[in-house]
Amino acid sequence: MFPQSAPGHTPAHVTGSLHTVFHSTAFVLTRDLVIAALVALWLGLARDQEVSLAGAQIAELLQGDLDLNTQGLVVWLDRLKKG
């Protein structure tokens, strides 16, 4: 059941949680877009170098680099946004 409040008033804990959900969702979407872009870039570079491994194998080998680079790019994008 949803908490009841006075007419015309929204409880702070409800709006605060919506704010948190929105920002965490934006972070997840940004992270996922960065990951997709990096994977596409790296797979293209691997193909240019005639790497014979399957895309999944390449992604598995580069997973640690992918995680670290993604974190760095997301922080950089967030700092750009804040000015």
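No lab work stands behind these numbers, since they all come straight from the coordinates. These figures come from a predicted structure and were not determined experimentally.
Taking 0.36 nm per residue of sequence separation and subtracting the Cα-Cα distance, how much length would be gained by fully extending the chain between L53 and A36, in nm to one decimal?
Once the chain is fully extended between L53 and A36, it gains 4.3 nm.
How much length would be gained if the chain were fully extended between L45 and L62, taking 0.36 nm per residue of separation minus their Cα-Cα distance, in nm to one decimal? Numbers along the way, then the final one.
Numbers: separation 17, 0.36 × 17 = 6.12 nm, distance 1.27 nm.
Between L45 and L62, full extension yields an extra 4.9 nm.
I'd like the Karplus ³J(HN,Hα) series for the range 71-78: coefficients 6.51, -1.76, 1.60, θ = phi - 60°, whole numbers in Hz, and an x wherever there's a Gly or Pro.
So the Karplus estimates, Gly and Pro as x, are 4, x, 5, 5, 4, 4, 4, 5 Hz.
In Å, what Kirkwood hydrodynamic radius results for the range 29-82 from the alpha-carbon pair distances?
Details: mean 1/r = 0.0844 Å⁻¹.
The answer is 11.9 Å.
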